[in-house]
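S.K.: Provided herewith is a single structure, encoded as structure tokens, for subsequent inquiry.
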């Protein structure tokens, strides 16, 4: 609430004001302010350089979604390509890996174990897709998703808190 009216209503009134109306002049400054506030909340804390792992994970999520889409449509070529992308995902640069491993401490082995599981299940999924074996592909995809989720449940929020302050 801002000044007694819900913020989203104020945004709509100010940003969507028709040209020539008294509020039309406020459109650009309000849009700039809103964008700055929004993006400011997304920035990494100034404690160090940006982390590439977040982008790698985002790409892996897209590839996993492509696997699911391919399985639903029985597009085994798509499933194979996307599964190999997940299995062979890039690694963070060495300096970032050191930061992450240092932060993980004794938990680094578990984190690496999940990564190895994802690699293995992604490879198995790609092989099943190559051989057009839907049941084996679905089983491998389930194992892949389970490994991803286990890692996320254990590490995602602590990682975000540590490196992004959120």
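S.K.: Take 119, 152 and order them by how many other Cβ atoms sit within 10 Å, fewest up front.
M.R.: 152, 119
S.K.: Measure off 7 Å from each Cα along the Cα-to-Cβ vector at residue 89 and residue 111, then give the distance between these two points in nanometres to one decimal.
M.R.: 1.3
S.K.: Can you give me the Cα centroid spacing of region 56-91 and region 103-136 in angstrom?
M.R.: Centre-to-centre (Cα) distance: 12 Å.
S.K.: Starting with the fewest neighbours, write out 121, 89, 142 ranked by other beta-carbon atoms found within 10 Å of each beta-carbon.
M.R.: Result, fewest neighbours first: 142, 89, 121.
S.K.: Run the simple label-point estimate for residue 149 and residue 77 please: 7 Å along Cα→C-beta, distance reported in nm.
M.R.: 3.2
S.K.: Can you put 143, 135 in order of Cβ neighbours within 10 angstrom, beginning with the fewest?
M.R.: If I rank by nearby Cβ atoms, fewest first, I get 135, 143.
S.K.: Something else about it: Residues of region 68-108 with the amide nitrogen closer than 18 Å to a label point 7 Å from the Cα of residue 162, along Cα-to-Cβ, please.
M.R.: From region 68-108, the list is 91-108.
Every read-out reported here was derived from the displayed coordinates using simple, explicitly stated rules and does not represent laboratory data. Predicted, not measured: the structure shown is a model, and the values here were computed from it. Every residue, glycine as well, gets a Cβ built from its backbone with ideal geometry; the counts of neighbours run over all protein chains shown.
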